[in-house]
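K.L.:
Okay, here's the structure, questions in a sec.
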Amino acid sequence: MDATKGKVDQGMQNPGGQMDKPVGYHFMESMLPKVVKRRVHALKRLQVQCANIEAKFYEEVHELERKYAALYQPLFEKRRDIVTGTVEPTDEECEWHSDREEEEELAEEIKEKAVIEDSKKEEATPQEDAKGIPEFWLTIFKSVDMLSDMLQEHDEPILKHLKDIQVKFSEPGQPMSFTLEFHFEPNGYFNNAVLTKVYKMKSEPDASDPFSFEGPEIIDCEGCQIDWHKGKDVTVKTIKKKQKHKGRGTVRTITKQVPNDSFFNFFNPVKVSPDGEMDEDSEFTLATDFEIGHFFRERIVPRAVLYFTGEALEDDESEQDEEGDDDDDEGDFDPKKEQPQPAECKQQ
């Protein structure tokens, strides 16, 4: 993310044409007549008041999100029941009129050929009907680049037991936040029925830099403790290391556990330093974590079936292409881009 986004421009052109290179805005202000500078300061005070009103706007947007989340919930519960096979949808519920008839006809032809070729195998080993939609969430994880980058081969058998992901918003009067809940069926890897990740947010201008305010931002996150079964923790691996005794010179082999790459490290995030001082790697890791949490909330959970089928991936690619085209059209005014984005949340 561009660290300068939303901040005051660091360089400006001299309106009088006396300088042909950018100058700092502080220097720019110093060049103004005292009476004009005084009025500019008044405008800045008004701008801070605007930022405070905007913060209240986003707080109300958060309340609207929470309200409508309750309306979505019964539909998401029905989705979970169909995915897990708890409920079989009716014929009427399964009706879908697609505009991709030619593709579907071709797919049917391929299916018919496959059925003929595999008929003997099916007769020898009859298969039971699949329950629900097998590997629904795992398929999504493997399809979305942002998630597949986190996914390791040893994570996949565990994620086959993931039956639902839900987003829960903070209650009225509580600090602004949202929680991702990963619901698992009983499995042989850990005892938790639900793994959680809480993202803490704020919607108020920074007192030291109020003009940088662009809406709610994630400021911290908290994972949860995973109660792994013995020997099943995929976030660590055991290595053997030879160690030589300094005095006797004898060599012994010791075993130790070291961190291991895994999606489940998502539930043990880097913590924000109380003094705000963090190295570049930690800052990057934390910013990526915030981006992933936001992506789950805004895209994956609301549109899961479209990521499963790949349709949402095509939409995302189209949006990226359009953004790239827009960047090339310098000077073009797009009123849509000038509108506030209530649901948008930036990473710190």
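K.L.:
Using a Förster radius of 25 Å, what is the FRET efficiency between Glu171 and Glu277 based on their Cβ-Cβ separation? Nearest 0.05, please.
P.N.:
For R0 = 25 Å, the calculated efficiency reads 0.15.
K.L.:
Still on this structure: Quick one: Cα centre-to-centre distance for segment 37-76 and segment 230-274, in angstrom?
P.N.:
46 Å
K.L.:
Find, among the trypsin sites (Lys or Arg not before Pro) in segment 202-233, those assigned to loop by DSSP (not H, G, I, E, B) with at most 16 other beta-carbon atoms within 10 angstrom.
P.N.:
Filter output for segment 202-233: Lys230, Lys232.
K.L.:
Using only protein heavy atoms and a 1.4 Å probe, report how much of Cys94 is accessible, in Å² to the nearest 10.
P.N.:
Surface accessible to solvent at Cys94 totals approximately 80 Å².
K.L.:
Sticking with the crude label model, points 7 Å out along Cα→Cβ, report the distance from Val87 to Ile254 in nm, one decimal please.
P.N.:
Once both label points are built, they end up 5.6 nm from each other.
K.L.:
Quick one: accessible surface of Ser273, probe radius 1.4 Å, all protein chains present, in square angstrom to the nearest 10.
P.N.:
It works out to around 30 Å².
K.L.:
Can you compute 3J(HN,Hα) from phi for each residue in segment 140-157, using the Karplus curve 6.51 cos²θ - 1.76 cosθ + 1.60 with θ = phi - 60°, rounded to whole Hz and x for Gly and Pro?
P.N.:
5, 4, 6, 8, 8, 3, 4, 8, 5, 5, 8, 7, 10, 4, 6, 7, 4, x
K.L.:
Skipping prolines and chain starts, which residues have an amide H placed within reach, meaning under 5 Å, of the one on Gly85, given they are 5 or more residues away or on another chain?
P.N.:
Under 5 Å from the amide H of Gly85 lie the amide H atoms of Gly132, Ile133, each far enough along the sequence or on another chain.
K.L.:
Next up: Gln152's amide H: which non-local residues (gap 5+, or another chain) put their own amide H closer than 5 Å, with H modeled 1.01 Å from N in plane and none for Pro or chain starts?
P.N.:
Amide H neighbours of Gln152: Phe263.
K.L.:
Given Lys202/Lys271; Lys168/Lys200; Lys142/Lys163; Lys78/Lys197; Lys67/Lys160, which pairs have Cα atoms separated by over 20 Å?
P.N.:
Flagged as over cut-off: Lys78/Lys197; Lys67/Lys160.
K.L.:
With r as the distance between the Cβ atoms of Phe211 and Val35 and R0 = 35 Å, compute the FRET efficiency 1/(1 + (r/R0)^6) and round to 0.05.
P.N.:
Efficiency, from the Cβ-Cβ distance: 0.95.
K.L.:
Right, something else. Stretch Asn52-Met146 to full length: gain in nm at 0.36 nm per residue minus the Cα-Cα span?
P.N.:
Net length gain for the segment: 30.5 nm.
K.L.:
How large is ³J(HN,Hα) for each residue in segment 60-74, as worked out from phi by the Karplus curve 6.51 cos²θ - 1.76 cosθ + 1.60 (θ = phi - 60°), to whole Hz, x for Gly and Pro?
P.N.:
5, 4, 4, 5, 5, 4, 5, 4, 6, 4, 5, 6, 6, 3, x
K.L.:
OK, next. Within segment 129-155, find all residues whose amide N lies under 20 Å from a label point positioned 7 Å from the Cα of His161 along Cα-to-beta-carbon.
P.N.:
Answer for segment 129-155: 131-142, 151-155.
K.L.:
Once fully extended, how much extra length lies between Thr309 and Asn191, figured as 0.36 nm per residue of separation less the alpha-carbon to alpha-carbon distance?
P.N.:
Result: 39.4 nm gained on full extension.
K.L.:
If I stretch the segment between Trp228 and Glu65 completely, what's the gain in nm (0.36 nm per residue apart, minus their alpha carbon distance), one decimal?
P.N.:
55.3 nm is the gain from fully extending Trp228 to Glu65.
K.L.:
Then there is this: At 7 Å along the Cα-to-beta-carbon direction for both Lys242 and Asp129, put a label point, then send me their distance in nm to one decimal.
P.N.:
Modelled inter-label distance: 6.1 nm.
K.L.:
Can you list residues from other chains, or at least 5 along the same chain, whose modelled amide H is less than 5 Å from the amide H of Ile219?
P.N.:
It is Lys200, Met201, Lys202, by chain and number.
K.L.:
Here's a follow-up. Would you rank Glu77, Glu298, Glu93 by solvent-accessible area, highest first, keeping every protein chain in place and using a 1.4 Å probe?
P.N.:
Largest accessible area first, the list is Glu93, Glu77, Glu298.
The values are calculated or read from the model by the stated rules, or taken from the named source; none is laboratory data. Just so we're clear, the structure is a prediction, and the values are computed from it rather than from any experiment. Using ideal geometry, Cβ is built from the backbone for each residue, glycine included, and neighbour counts are taken over all protein chains shown. In case anyone asks, the SASA skips ligands and DNA or RNA and just uses the protein heavy atoms, side chains included. Shrake-Rupley method; radii C 1.70, N 1.55, O 1.52, S 1.80 Å.
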